[in-house]
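The structure appears right after this line, and notes come after that.
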There are 2 protein chains.
Amino acid sequence: MTERDLIEQIQDLACYEGEGLVQGIGDDCAVVEKDQRNVWLLTMDTLIESVHFDCSWHPPYLLGCKAVSVNVSDIAAMGGRPVFALLSLGLPADFTPEWAVELSRGINDACRQYGCLLIGGDTVCSPEKVTLTLTLIGETKKDRVLYRHAACIGDTIWVSGSLGYAAAGLDCFRSGNVVGMPPEYPSELAPCIKAHLDPEARVDLARSLAQTSCIHAMMDLSDGLATDLSHLCQQSRVGAIIKAEKLPGRRGLAPAASLLNKKRSDWMLAGGEDYELLFTADPKDSQTIMDIAARQGLRVSPVGTVIAGQGVTLQRKTTEGYEEQHISFQGFDHFARN
Amino acid sequence: MTERDLIEQIQDLACYEGEGLVQGIGDDCAVVEKDQRNVWLLTMDTLIESVHFDCSWHPPYLLGCKAVSVNVSDIAAMGGRPVFALLSLGLPADFTPEWAVELSRGINDACRQYGCLLIGGDTVCSPEKVTLTLTLIGETKKDRVLYRHAACIGDTIWVSGSLGYAAAGLDCFRSGNVVGMPPEYPSELAPCIKAHLDPEARVDLARSLAQTSCIHAMMDLSDGLATDLSHLCQQSRVGAIIKAEKLPGRRGLAPAASLLNKKRSDWMLAGGEDYELLFTADPKDSQTIMDIAARQGLRVSPVGTVIAGQGVTLQRKTTEGYEEQHISFQGFDHFARN
């Protein structure tokens, strides 16, 4: 049994319908009724030392910020604003108090920055590794929630910001090419390092997009474009074509790519933890979308098109035309099982 | 810095006031406004293998049930009914699928039994130990929430059920005196073993008590009577006297006490994980309280009295009258700091 099989088995046990439940497991957040016009968005993510972060290079303050941002990103992805947070912190017996206090300061400052209140949780002993679980509660109008399952054939596929920066930043640390704490890093790597250590959830952009009513489907990018877009397509019962030359971020990835001798497209397609927005909309609304992003000083890029069928196909320009490659779930065919 | 110092430092960073927040950190749940008449109760607890449970004797199905029950107990303690649950499950790479599926079944069945819906969460890789974090969301009327801070001088102090069973059950396993899986255990130890492996949250009793308006303060017993009552007293700015001979459960603890050569009062006062209710009420309402419990087939016992001052004092009958002992926070003076 793979981890995915298990997750599916657990999901099968969970609830999809019930009193007050608008959306159960299967999107960035669960959605429940708050009152007649509003809903609450609920999400929960765990970060475990040595699996999701490495204390040897992640300053505790930024780790605290990141733990909040990755959860807030799920709220943003559905068009909500974060309201409340709960924290469960597992600390080994030999924790450094200064480290834990810096972590807490980061959590608290990030909550304040996103406008949400840290209202509860617990602190427990952990046998060996630091564990950080956050539950975020967001709010929005019932008719403004954006789901993964509403992409339409013919839609333009958009992403915010740049792709692959966080994965490149992580590889810089893992390879041993970047050491020390900020601001000691080489400046040409700073955007990638920042994306890994301290990502920012796109709350304001997502809220503005949700207000327009022109976005069909939305989610956040946490597992890489190939995997996340595959989920969006699967839930919308459509397929997608991505154009390689449209993927944003090639220039910013160049220093890390030459330092580590890596292919930028691997980071852009398969790199996780972008925490950018992935969304689809009718092509007629492209100007509206670009205007909204421009007003916030953010970049949005049309990277492909929703098509009939299933799976995600990457098109690359060649001298003879186009070369196509299936990249659903990073090349793993999610529909075929052994 | 002790764990408690750190918790207090983190709590100081957290929010006590804000839009929609009725009660922040410091009670069994955070309380937030749902609509004009109702509130939501939010709680989150983490269980980590080898710290909070031991897979060698805890059947995964019952562990799943327990993870839900201990969180539901926090909802019950404030007079609420559980509505939604989120689960974050950390599994080591070498997990047994059958084990994980049994665990999930337990979580799901317990949610159903308590009438709440499992609506989301995540599954992550854990480097070594199984970790289980649940967030529970409950609901009740705003004017029916029961807090820890409302005990009044002269109140009778009550506990539901029996004390110390779970701690005795745990000690039976730890000592190696009980091995194997149910129903192989010696029958005279069954109540203690059940209390440790599969506690039950007192939702119905708590709800009925909350309806009467005669309960002043309430919380659940998770860290042992001495510690939990100290918290209740501290937050109510009162003291308490407990009468040793009134503590319920002596007879049921006898087999475990003689097997392990332990003092029953240690389990009853300092044993954790009772998940019974601890509450205070005017003595004139004693009959009402006993009638409510009797209707549900549950036992409630008056164990002491709220007094002016601070701290918890245990009174024991001796041949010459009474002997007194300060037992606040299990004998540790929470107010004195080095």
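Considering the range A:51-88 alone, what residues qualify as being assigned to a loop (DSSP other than H, G, I, E, B) and aliphatic (A, V, I, L, M)?
A:VAL51, A:MET78
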Discussion item. Looking only at the range B:1-32, how many residues end up being within 9 Å of another protein chain (Cβ to nearest Cβ), modelled with pLDDT of 70 or more and part of a loop (DSSP other than H, G, I, E, B)?
Written reply: 8
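Identify, from the list B:ALA195, B:ALA190, B:ALA217, B:ALA254, the residue that is under 16 Å from the mean Cα position of the chain (by Cα) and over 20 Å from B:TYR114 (Cα atoms). Can you show your working first?
Numbers: B:ALA195 fails: over 20 Å from B:TYR114 (Cα atoms); B:ALA190 fails: under 16 Å from the mean Cα position of the chain (by Cα); B:ALA254 fails: under 16 Å from the mean Cα position of the chain (by Cα).
None of the others qualify; the one that does is B:ALA217.
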Discussion item. Considering only the range A:89-101, I want to know if a residue exists there that is facing another protein chain (nearest Cβ under 9 Å), in a helix (DSSP H, G or I) and of a type in the set (A, V, I, L, M, F, W, C).
Written reply: yes
Worksheet item: How do the pairs read when you match residues in the range A:1-29 that are under 18 Å from B:LEU132 (Cα atoms) with residues anywhere that are at pLDDT below 70, using Cβ under 6 Å and keeping only pairs 6 or more apart or on different chains?
Response: A:ILE25/A:GLN11
Practice prompt. Could you figure out which of (1) in contact with a Phe, Trp or Tyr (Cβ under 8 Å, 6 or more places away or on another chain); (2) not assigned by TED's automatic domain parsing to the domain that holds B:GLY297 isn't true of B:ALA150?
Written response: (1)
Worksheet, complete the sentence: The correct count of residues that are within 13 Å of another protein chain (Cβ to nearest Cβ) and either more than 16 Å from the chain's Cα centre (by Cα) or free of Cβ contacts under 8 Å to residues at least 60 places away in the same chain (or both) in the range A:61-82 is 2
Practice prompt. Specify the residue that is farthest from A:ALA14 (Cα to Cα); the eligible residues are those in the range B:111-141 that are free of Cβ contacts under 8 Å to residues at least 40 places away in the same chain and among the aliphatic types (A, V, I, L, M).
Written response: B:VAL124
Discussion item. For the range B:114-169, which positions are away from chain A (no Cβ under 14 Å), assigned to a helix (DSSP H, G or I) and surrounded by fewer than 23 Cβ atoms within 10 Å (Cβ to Cβ)?
Written reply: B:ASP143, B:ARG144
Worksheet item: Being assigned to a loop (DSSP other than H, G, I, E, B), among the basic types (Lys, Arg) and at the interface with chain B (Cβ under 9 Å from one of its Cβ atoms), is that true of even one residue in the range A:33-48?
Response: yes
Fill in: Filter result for A:ASN108 (assigned by TED's automatic domain parsing to the domain that holds A:ASP198 and in contact (Cβ under 8 Å) with a residue 24 or more places away in the chain)
no
Worksheet item: Hey, any hits in the range B:202-222 for a residue that's under 16 Å from B:LEU163 (Cβ atoms), of a type in the set (Asp, Glu) and modelled with pLDDT under 95?
Response: no
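Can we say A:GLY176 is surrounded by 19 or more Cβ atoms within 10 Å (Cβ to Cβ) and farther than 16 Å from A:ALA281 by Cβ? Outline the logic, then answer.
Working: surrounded by 19 or more Cβ atoms within 10 Å (Cβ to Cβ): no; farther than 16 Å from A:ALA281 by Cβ: yes.
No; evaluated as a whole, the condition is false for this residue.
Please go through the range B:297-314 and pick out each residue that is of a type outside the set (Lys, Arg), farther than 20 Å from B:CYS152 by Cα and surrounded by 13 or more Cβ atoms within 10 Å (Cβ to Cβ).
Looking only at the range B:297-314, we keep the residues that are of a type outside the set (Lys, Arg), and these are B:297-298, B:300-314.
Checking the rest, the ones that are also farther than 20 Å from B:CYS152 by Cα come to B:297-298.
Listed by number, the list holds a single entry, B:LEU298.
The values are calculated or read from the model by the stated rules, or taken from the named source; none is laboratory data. Treat the numbers as computed from the prediction; the structure is a model and nothing was measured. Cβ: placed from backbone, ideal geometry, glycine included. Neighbour counts: every protein chain shown.
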